[in-house]
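What follows is one structure encoded as structure tokens, with my remarks underneath.
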Amino acid sequence: MQSILDSSLALKAAVGDVAEVAGYLWGKGWAERNGGNIVINVTEFVNDDIRQMHAISAPLSTSGYMPHLKGSYFFCKGTNRRMRDLARWPMENGSVIRILDDCEHYEIIADKAVMPTSELPSHLAVHNYLIGKGSTYKASLHTHPTELVAMSHTNKFLEKDVLTKLLWSMIPETKAFCPRGLGIVPYMLPGSVELANATIKTLAENYDVVLWEKHGVFAIGEDVMQAFDMVDTLCKSACIYMDARMMGFEPDGMTVEQMAELSETFHLPK
Ligand code: 13P
Ligand code: ZN
């Protein structure tokens with residue numbers, strides 16, 4: 001059977017990047033069973049052949065009115081599908097969807113009628129928000145990084161920017177590559193519209209990565225590699241913190257002066 005990926009080399013490359021990152025998530029131990037999901041906006045790779053493709057599903061709800069998504073196309077991980085399977089067979093474990101003109105429904109167009117992730121409400125709401133504010137970001141990624149989830153199990157790390165400052169101070173690269181820090185979203189039911197709304201509200205405070213309390217992280221980026229790199233960098237800092245604690249001491253962290261020098265030299269926000 002022909003795949004939609006044969007219609008567009010650029011689409012094939014973008015889905016290839018999703019598969020590569022899915023392999024990293026599994027390798028990191030952040031993607032037990034079907035844990036985590038990735039959605040990328042592939043509208044820019046869609047040509048006339050793809051536009052003419054018929055739906056292979058009934059119209060399905062986007063869980064909200066998404067005015068900026070009219071006519072957009074997304075590649076989505078399938079619900080209940082394993083990241084490690086997405087890594088090897090992306091079109092068997094994910095699908096391409098088209099947002100309908102009413103902006104409240106979508107249809108699956110290829111390759112198979114794989115139902116998109118249960119976190120689609122958050123992913124679509126975030127893409128709608130991103131386009132609405134003129135962002136060039138095309139990727140959203142949700143995963144379960146063990147150390148960051150562990151850190152969300154105590155209230156002291158859930159205060160605004162406490163975790164950001166701690167993680168930034170563990171190694172200089174973290175502020176350099178995740179200069180907006182880590183926003184906090186209080187626990188909410190997975191897959192819910194409430195979680196989607198709270199995620200947008202926190203991202204709008206100018207974060208690229210948010211921590212879903214006792215669940216995981218949700219990251220956005222220009223592409224899926226960039227979104228992954230930010231989570232990876234934050235998690236590296238979390239690992240350093242925990243290793244120090246396991247050796248029996250509270251890590252000092254970089255000093256205020258060292259952080260200021262870093263921000264100044266690399267033109268990072270204060
Ligand atoms: P899906 O299998 O529906 O993508 O759900 C995984 C998950 O992590 C939900 O939060
Ligand atoms: Zn999850």
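The values are calculated or read from the model by the stated rules, or taken from the named source; none is laboratory data. Since the model is a prediction, treat every value here as computed from it, not as a measurement. Every residue, glycine among them, receives a Cβ derived from its backbone with ideal geometry; neighbour counts consider all protein chains shown. All accessible areas refer to the heavy atoms of the entire protein, side chains included, with ligands and DNA or RNA removed. Shrake-Rupley method; radii C 1.70, N 1.55, O 1.52, S 1.80 Å.
Output the number of the condition that L158 fails; it satisfies all remaining conditions of (1) within 24 Å of G36 (Cβ to Cβ); (2) touching a residue at least 60 places away in the same chain (Cβ under 8 Å).
Here L158 meets the rest and fails (2).
Consider L86 against the criteria (1) within 15 Å of ligand 1 (Cβ to nearest atom); (2) in contact with a Phe, Trp or Tyr (Cβ under 8 Å, 6 or more places away or on another chain): it satisfies all of them except one. Which criterion is unmet?
(2)
On the basis of being hydrophobic (A, V, I, L, M, F, W, C) and either surrounded by fewer than 12 Cβ atoms within 10 Å (Cβ to Cβ) or at pLDDT below 95 (or both), does M53 make the cut?
Details: hydrophobic (A, V, I, L, M, F, W, C): yes; either surrounded by fewer than 12 Cβ atoms within 10 Å (Cβ to Cβ) or at pLDDT below 95 (or both): no.
It is false that M53 is hydrophobic (A, V, I, L, M, F, W, C) and either surrounded by fewer than 12 Cβ atoms within 10 Å (Cβ to Cβ) or at pLDDT below 95 (or both).
Any residue in region 35-54 that is among the basic types (K, R) sitting within a Cβ distance under 7 Å of a residue that is within 14 Å of ligand 1 (Cβ to nearest atom)? List the pairs, counting only those 6 or more apart or interchain.
As it stands, the answer is none, since no pair meets every condition given.
Within region 116-137, does at least one residue satisfy the condition of being open to solvent by less than 30 Å² (accessible area, probe 1.4 Å), more than 16 Å from ligand 2 (Cβ to nearest atom), part of a loop (DSSP other than H, G, I, E, B) and hydrophobic (A, V, I, L, M, F, W, C)?
No, every residue in region 116-137 fails to be open to solvent by less than 30 Å² (accessible area, probe 1.4 Å), more than 16 Å from ligand 2 (Cβ to nearest atom), part of a loop (DSSP other than H, G, I, E, B) and hydrophobic (A, V, I, L, M, F, W, C).
Can you report the number of residues in region 161-217 which are assigned to a loop (DSSP other than H, G, I, E, B) and not hydrophobic (A, V, I, L, M, F, W, C)? Reasoning before the result, please.
First pass over region 161-217, keeping only residues assigned to a loop (DSSP other than H, G, I, E, B): 161, 169-171, 178-181, 186-192, 204-208, 213-215.
The next check asks that each one be not hydrophobic (A, V, I, L, M, F, W, C); those that pass are 161, 169, 179-181, 186-187, 190-192, 205-208, 213-215.
Of the residues in that region, 17 qualify.
Of the residues in region 254-270, how many are in a helix (DSSP H, G or I) and either at positive phi or open to solvent by less than 50 Å² (accessible area, probe 1.4 Å) (or both)?
Step one: filter region 254-270 for residues in a helix (DSSP H, G or I), giving 256-265.
Those left that are additionally either at positive phi or open to solvent by less than 50 Å² (accessible area, probe 1.4 Å) (or both): 259, 262-263.
Summing the residues that are in a helix (DSSP H, G or I) and either at positive phi or open to solvent by less than 50 Å² (accessible area, probe 1.4 Å) (or both) in region 254-270 gives 3.
Might you check whether a residue that is surrounded by fewer than 24 Cβ atoms within 10 Å (Cβ to Cβ), aromatic (F, W, Y), at pLDDT 95 or above and more than 14 Å from ligand 2 (Cβ to nearest atom) occurs anywhere in region 98-106?
No: region 98-106 contains no residue that is surrounded by fewer than 24 Cβ atoms within 10 Å (Cβ to Cβ), aromatic (F, W, Y), at pLDDT 95 or above and more than 14 Å from ligand 2 (Cβ to nearest atom).
Conditions tested, residue by residue: (1) modelled with pLDDT under 95; (2) buried (at least 20 other Cβ atoms within 10 Å of the Cβ); (3) under 22 Å from A22 (Cβ atoms).
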position	(1), (2), (3)
R180	no, no, no
S192	no, no, no
N197	no, no, no
A204	no, no, no
W212	no, yes, yes
F218	no, yes, yes
M225	no, no, yes
F228	no, yes, yes
D252	no, no, no
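Does S72 meet the test of being more than 12 Å from ligand 1 (Cβ to nearest atom) and open to solvent by 20 Å² or more (accessible area, probe 1.4 Å)?
It is false that S72 is more than 12 Å from ligand 1 (Cβ to nearest atom) and open to solvent by 20 Å² or more (accessible area, probe 1.4 Å).
Please name all residue pairs, on different chains or six or more residues apart, with Cβ atoms under 6 Å, provided the first residue is in region 110-124 and is in contact (Cβ under 8 Å) with a residue 12 or more places away in the chain and polar (S, T, N, Q) and the second residue is near ligand 1 (Cβ under 9 Å from one of its atoms) and not in a helix (DSSP H, G or I).
That search, which allows pairs on different chains as well, returns T117/N37; T117/C76; T117/K77; T117/T79; S118/T79; S118/G191.
Give the residues of region 8-50 that are more than 25 Å from F218 (Cβ to Cβ), open to solvent by 40 Å² or more (accessible area, probe 1.4 Å) and small (G, A, S), sorted by residue number.
A10
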